[in-house]
1. Given the criterion at pLDDT 95 or above, touching a helix residue (DSSP H, G or I) at 6+ places or on another chain (Cβ under 9 Å) and of a type in the set (D, E, K, R), identify the matching residue among GLU62, GLU6.
2. Would you say LYS224 is under 19 Å from GLY42 (Cβ atoms), out of contact with any Leu (no Cβ under 7 Å at 6 or more places or on another chain) and basic (Lys, Arg)?
3. Which residues, taken from the stretch 105-150, are touching a strand residue (DSSP E or B) at 6+ places or on another chain (Cβ under 8 Å) and either under 19 Å from LYS81 (Cβ atoms) or loosely packed, with under 12 Cβ neighbours inside 10 Å (or both)?
4. Give just the number: which of (1) farther than 19 Å from LEU134 by Cβ; (2) in contact with an Asp or Glu (Cβ under 8 Å, 6 or more places away or on another chain) does ARG226 not satisfy?
5. For the stretch 65-89, how many residues are over 29 Å from GLU117 (Cα atoms) and either modelled with pLDDT of 90 or more or among the aliphatic types (A, V, I, L, M) (or both)?
6. Only one of these conditions is not met by LYS111: (1) under 20 Å from the mean Cα position of the chain (by Cα); (2) assigned to a helix (DSSP H, G or I). Which number is it?
7. For the stretch 152-194, how many residues are part of a helix (DSSP H, G or I), surrounded by fewer than 17 Cβ atoms within 10 Å (Cβ to Cβ) and not aliphatic (A, V, I, L, M)?
8. Of all residues in the stretch 64-104, count the ones that are loosely packed, with under 13 Cβ neighbours inside 10 Å, part of a loop (DSSP other than H, G, I, E, B) and touching a strand residue (DSSP E or B) at 6+ places or on another chain (Cβ under 6 Å).
Amino acid sequence: MSALLEVRNLQVRVEEREILHGLSLTVNKGEVHAIMGPNGSGKSTLSHVIAGKPGYEVTGGEILFKGEDLLEMSPDERAAKGVFLAFQYPVEIPGVATMTFLRTALNAQRKARGESEYSTPDFLKKVRAVAASLNIPQEMLRRGVNVGFSGGEKKRNEVLQMGLFEPSLCILDEMDSGLDIDALRIAADGVNALRSSERAMVVITHYQRLLNYIVPDFVHVMSKGRVVKSGGKELALELEEKGYAQFEEQAA
């Protein structure tokens, strides 16, 4: 069985600084991987490079997604293939209704895959069903994209997009950033509702607390641009207790 995502010896620089120094990671369908590490270890760089965010120069290594070279694809091609990135700080788009945004994005992906686009009634039916299954209030759908949303509402909006676009790989970049415990629990419930044997998730976080709610199958510790240790969920608890210093020495 070939892996869903294979990152092999990835080297990435931003401007003149090398951030990732030969990072490797394999993610199979149905798995949830947590990536932990101190600030500056390269966690967010990894998520941005997978999603195709501009400003990063890949100087070595490769990323394969379903056996295809991901680095050869534009960000919208990656999205159409099934890669989804939930941002740490989702942007507000004043003047664009959430419903319009979701329908445009979903239909663009369907078109890129050669599928028929949703009519307005079919789309409305689908988005309402997905929102209901994730306990997302209809009222949120009527507002501008993330405009006036709390941190928790922005994250729920991202979870709604995941439910609607049905990606095969979800990357959650510091989803717990700025959330109180109630908002975190609600967002995590939405993510857990989307776990499936066909979908993999990569959860990037600084703190162990998120992993109490989204329990990973595997935990990887990053330090200085590479994975220095991998293990099961108990590794996150060890980090909580002992901190990252022990791994920083290994990476040096």
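1. Values: GLU6 fails: touching a helix residue (DSSP H, G or I) at 6+ places or on another chain (Cβ under 9 Å).
The unique qualifying residue is GLU62.
2. Values: under 19 Å from GLY42 (Cβ atoms): yes; out of contact with any Leu (no Cβ under 7 Å at 6 or more places or on another chain): yes; basic (Lys, Arg): yes.
So LYS224 passes the test.
3. Hit for the stretch 105-150 is ARG142, nothing else.
4. (2)
5. Going through the stretch 65-89 one residue at a time, the tally reaches 0.
6. Evaluating LYS111 over (1) under 20 Å from the mean Cα position of the chain (by Cα); (2) assigned to a helix (DSSP H, G or I) leaves (1) as the failure.
7. 4
8. 0
The values are calculated or read from the model by the stated rules, or taken from the named source; none is laboratory data. Keep in mind it's a predicted model, so treat the numbers as computed, not measured. Counting neighbours? That spans all protein chains shown, and the Cβs are built from the backbone with ideal geometry, glycine included.
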